[in-house]
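The values are calculated or read from the model by the stated rules, or taken from the named source; none is laboratory data. Only a predicted model underlies this, so the values are computations on that prediction, with no experimental measurement involved. A quick note on method: Cβ atoms are made from the backbone with ideal geometry, for glycine too, and the neighbour counts reach across all protein chains shown.
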Amino acid sequence: MLSAEQKRGFCDNGFVVLRDFKSGEQLAALKARAEKIAAAHDFDASREVFSTAKQRGPQADRVQDYFLGSANEIRCFFEEKAFDRHGKLNQPLAQSINKIGHAMHDLDPVFDGFSRGDTLADLAQDVGLRDPQIWQSMYIFKQARIGGQVDWHQDGGFFVTSPGSVTTFWFAVDDATLENGCLWVEPGGHKGPLRQQFIRDGRKTRLIDLDAAPWPDTNTAIPVEVKAGTLVCFHGLLPHYSAPNISDQARHAYTLHVTDGVCAYAQNNWMQRSKEFPVRGFL
Ligand code: FE2
């Protein structure tokens with residue numbers, strides 16, 4: 001699927017940008033399905049916020065359970081800035097959801113179709129995944145004005161395998177621009193160490209520091225502005241972040257996180273599947 005030059009680029013830079021990977025029709029179908037799931041969200045039953053903010057007590061346990069359970073379900077998470085101080089939404093529900101996660105690719109036919117096929121299977125082989133296993137899908141809304149920043153991180157810390165193998169497939173559902181919070185990456189940064197790991201500890205999760213290497217800044221990072229339909233495929237150690245969406249349009253994206261089945265998947269990764277719900281590949 002990839003040319004020799006693209007393969008070299010992936011090895012040297014840690015990412016490859018593939019324009020027109022998905023058609024307008026495929027994107028429209030995925031977006032319509034995501035909006036339908038969001039519109040059907042039971043707002044009163046769960047007001048979980050997708051947030052790194054610390055919470056305590058029973059509320060914290062409830063948020064944790066909701067999050068951990070999403071490994072095997074389709075669940076909606078809110079933008080941090082969605083609510084006012086009285087817990088009321090500042091804007092309509094459809095414009096308040098941060099993301100849907102994390103098992104749509106296995107549970108929803110539209111997401112399943114979008115996430116699988118020969119082209120993706122070939123690409124996975126080309127970037128070194130011998131036995132691809134799709135652990136997680138996320139539909140990210142990056143809402144107009146309230147779509148928050150996602151700080152510098154490496155996806156490898158969320159899906160640790162031995163040896164490391166996680167690879168991210170990031171699909172632009174809308175054009176991604178500087179103004180609406182496109183990805184920023186540090187070319188070649190995947191050659192550095194894994195800095196943090198997000199682990200599961202019983203019913204709780206936490207982020208632990210592994211290496212004190214500094215995160216990149218805008219001197220060494222570059223923005224990845226891309227058109228809708230583009231696939232950005234990147235190495236699990238590539239540092240990346242995205243700025244807030246300050247535009248007046250949402251910026252939707254869809255991601256898959258994939259590991260290699262020949263590598264051992266860590267027992268303390270936050271995402272674990274039951275035997276009855278095994279991870280599958282692209283075919
Ligand atoms: Fe990421």
Discussion item. Residues that are at pLDDT below 95, surrounded by 12 or more Cβ atoms within 10 Å (Cβ to Cβ) and β-branched (Val, Ile, Thr): does region 43-65 have at least one?
Written reply: yes
Item to complete: Kindly establish whether residue 244 is more than 14 Å from the ligand (Cβ to nearest atom), at pLDDT below 95 and assigned to a loop (DSSP other than H, G, I, E, B).
Response: yes
Worksheet item: For residue 138, are the conditions met, namely being within 14 Å of the chain's Cα centre (by Cα) and more than 16 Å from the ligand (Cβ to nearest atom)?
Response: no
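Each row is one residue, and each column tells you yes or no for (1) more than 16 Å from the ligand (Cβ to nearest atom); (2) of a type in the set (D, E, K, R); (3) touching an Asp or Glu at 6+ places or on another chain (Cβ under 8 Å); (4) modelled with pLDDT of 95 or more.
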| residue | (1), (2), (3), (4) |
| --- | --- |
| 97 | yes, no, yes, no |
| 107 | yes, no, yes, yes |
| 144 | yes, no, yes, no |
| 147 | no, no, yes, no |
| 165 | no, no, yes, yes |
Practice prompt. Being more than 24 Å from residue 265 (Cβ to Cβ) and touching a strand residue (DSSP E or B) at 6+ places or on another chain (Cβ under 6 Å) is the filter here, so list the residues in region 199-220 that pass it.
Written response: 215
Worksheet entry | Test result for residue 85, free of Cβ contacts under 8 Å to residues at least 24 places away in the same chain and either more than 16 Å from the ligand (Cβ to nearest atom) or part of a loop (DSSP other than H, G, I, E, B) (or both) | yes
